[in-house]
């Protein structure tokens, strides 16, 4: 079954098996409900029997039986059956009557035929006929007819045999009525003198084994071996039942069980006088399978050994069971040796044998061995193809899987429905979406897929975020979708972040005739809570509880966490209280969210309250909760309490406190200035290699606050070397530390790495540090203020303008020129303003490129922008470096004659320009003018502050905020 466009040749592992397998017949298992119902009720459902092949059936008999069977097959009513038998004018023997009854595939025909036999005076009731009828009615779950048959059996004084009780135990057990099936054994023990024979015993063991009551089955077998009947009905109390449990007294008083002839003998029939051993192969097979499913490998092996020693014939089923038991317990070598033993005993391996070995080796990851057994199978069945496709698809062996599909196609074998999602997942994982779609379309042409399979297909797409493909499957050819399909489609929308679509689908479910179940509600509430749509999530939660669906703990937890993230702690508490009222016990995640939420908000008493509530309710606290508690104590500076919780984490956990708890404790120590204890925690984290960005930042903050700048720089260097310098926040922390230590060029280098090499998006913390660096770098206050205003207003190219100014101030002229080019690159499209032109003039001027600086000034004038104070300051600097004394004098004269307002920055720029032009005499004149214009001595003080970074205390506080 391949995509038309795929080109696949037969793989080498297939070429060794040359065969043409016939199409496999579909064999549908009984679809019984596990629910019990009253034994007196008549069921309207009939069991679909496995169709018999009339031709093969008729070949088994001679005489007139084949012709009668053919006639009965074509008969549809009682009159037709009577006519058929009367027309033959035959007096059938009891054996022939038995054959006719046994070969009927419909319970109603069996019953009609039996009554027809009873209507003849010559008929002698016998237990064999009743046994056949009881089996037919029981398999069809016709409990009322079975009751009447049992009563009729008592009326005709036909005594039940072991076969009768074995039949009743079998049909009740297969119908899921395990306790009632075993009560028949009690009935057998108390109302008859029969002792269960080996077949009856094996039937009881099989019923208990299939219902996973392994210990009860083992006890029954061992008691039977000693001649006793022991059934522990208390151990069966966990069986799912819609009716009230039936006690032994009630059971024996029922009409169904109080009838039946009693034997007059005082000795149990077939009761052993000494311990007995099983003699039938089927019994050993059932017991070996029992011990295997119970995980008692040694007991199964001992029973198998006993079987061989006692001379009981071993068959294929015996070996298959033992091979599966050994292999499923990881003993593949023993499983292989059993296969060899099988050959020695002359027992032929069948398809199931190789299927078991194929699956065992596939689960163990030995693909070659699995495929080796696949080659040995002459006639693969559905299980074979399912197993080999699953192993190949799980390992994404596309070519090999397609070879298997191609071989199945050649032999007209349809792909198993359960294998469709597996193959599609392989295709989707490999990006072969077209092949996945083609496979699904082809399968849907051959059969109608079940809701479970369609849901699995939708889930394949959902897991990879392919919601469009999932949607196409969901809105396929059918009108009504199953709730399982809705649930998976909602998951697909949720994983694709299409929350509105998911909500719309949920709201439309009822209109389409499908009611949400608990999974639907839980998924919607958790999805909405995950994106903090708390109002809608709360509404859906209320609807869920009104519809008698019980929310899961995870659902409540997700909503509480969402309220906590939004800071709506009172709403989170309301959900918590509603959770308790609904009978859902909070877990450590719920308590952790509440403790953490109140801790973050500084509400320590409330955080401690919920921590104590968690302990009182027996919920084990984890590191997350304890970390939140340390955080709460840190908020209010409770060192002793925080230290006690931290020590508890050290004592109770093998790995000790996690990095989050250590960071919280470290932060508390830093706030309290406890350098020694902080260093102890820091060194512990260093030893574990678990230091993160917060760890280093906290230590830098502590050292910086204590004036230990050398230690702070060492931590910053260690942070850079550890590779943790990878986001904006971490860069900001290290830059602030370098700035505090006066290492301004290092700060600029980090800024360039952050901006140019890493291309990180800068945040307000970065710009605060940059503005501090500009002030400390000697950039005029007016220029810094102008750049800060441009940043606040969100002006274009402001970052490049700041970079050009900063790099120039620090003497990194090559970097400054790069930034200047960035500013002027798109000047034809972006209207430049004073801050941008000023930065370019300053950058080129500081780099000594007078021509480019003056060109920028001329372009500025062409744009109609008049020079402002910052322009004049930077322009005077250009004149001085270029030796253009006349230009400096012109600006000086404007100041002297009042054409430009006197300004300290401009005065200083003019004086420094004269110095640069080697006109110290004129520089001294400017100095005298400054002393006249401003108060005596104030200039020197301000000049000192300016050169060392004015407003240092303010800058320091800003740096502390960054930490």
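The values are calculated or read from the model by the stated rules, or taken from the named source; none is laboratory data. Predicted model, so just to flag it, every value in this text is computed and none were measured. Virtual Cβ from ideal backbone geometry, glycine too; neighbours counted across all protein chains shown.
Brief remarks on what is shown
Let's see how each residue does on (1) more than 20 Å from residue 783 (Cβ to Cβ); (2) surrounded by fewer than 18 Cβ atoms within 10 Å (Cβ to Cβ); (3) touching a helix residue (DSSP H, G or I) at 6+ places or on another chain (Cβ under 6 Å); (4) touching a residue at least 60 places away in the same chain (Cβ under 8 Å):
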residue	(1), (2), (3), (4)
874	no, no, yes, yes
883	yes, yes, no, no
886	yes, yes, no, no
889	yes, no, no, no
893	yes, yes, no, no
902	no, yes, yes, no
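- Looking only at residues in region 791-809 that are touching a helix residue (DSSP H, G or I) at 6+ places or on another chain (Cβ under 6 Å) and surrounded by fewer than 24 Cβ atoms within 10 Å (Cβ to Cβ), the one that is nearest to residue 765 (Cα to Cα) is 791.
- Any hit, region 310-327, residues being more than 17 Å from residue 384 (Cα to Cα) and at pLDDT below 90: yes
- Test result for residue 246, under 23 Å from residue 151 (Cα atoms) and at pLDDT 90 or above: no
- Output for region 210-233, where each listed residue is in a helix (DSSP H, G or I), surrounded by fewer than 22 Cβ atoms within 10 Å (Cβ to Cβ) and under 38 Å from the mean Cα position of the chain (by Cα): 210, 214, 215
- Selection over region 166-193 of residues that are touching a strand residue (DSSP E or B) at 6+ places or on another chain (Cβ under 7 Å) and surrounded by 22 or more Cβ atoms within 10 Å (Cβ to Cβ) gives a count of 1.
- The residues of region 362-415 that are over 29 Å from the mean Cα position of the chain (by Cα) and not in a helix (DSSP H, G or I), listed by number, are 377, 378, 379, 380, 381, 411, 412, 413, 414.
- So residue 693, is it outside the structural domain of residue 752 (by TED's automatic domain parsing) and either over 31 Å from the mean Cα position of the chain (by Cα) or more than 22 Å from residue 600 (Cβ to Cβ) (or both): no
- Residue 868 being modelled with pLDDT of 85 or more, under 18 Å from residue 821 (Cα atoms), over 60 Å from the mean Cα position of the chain (by Cα) and in the same structural domain as residue 778 (by TED's automatic domain parsing): no
- Being surrounded by 19 or more Cβ atoms within 10 Å (Cβ to Cβ), in the same structural domain as residue 907 (by TED's automatic domain parsing), in a helix (DSSP H, G or I) and at pLDDT 90 or above is a property that residue 814 lacks.
- Residue 521 vs. criteria more than 25 Å from residue 572 (Cα to Cα), touching a helix residue (DSSP H, G or I) at 6+ places or on another chain (Cβ under 9 Å) and at pLDDT 90 or above: no
- Only listed residue being buried (at least 16 other Cβ atoms within 10 Å of the Cβ), more than 26 Å from the chain's Cα centre (by Cα) and either at positive phi or part of a helix (DSSP H, G or I) (or both), chosen from 567, 578: 578
- Test: residue 771 is buried (at least 23 other Cβ atoms within 10 Å of the Cβ) and either over 19 Å from residue 877 (Cβ atoms) or modelled with pLDDT of 90 or more (or both): no
- Tally of residues being more than 20 Å from residue 538 (Cβ to Cβ) and either part of a helix (DSSP H, G or I) or under 24 Å from the mean Cα position of the chain (by Cα) (or both) across region 494-516: 7
- If you go through region 110-165 and keep only what is in contact with a strand residue (DSSP E or B) (Cβ under 8 Å, 6 or more places away or on another chain) and free of Cβ contacts under 8 Å to residues at least 12 places away in the same chain, you end up with nothing.
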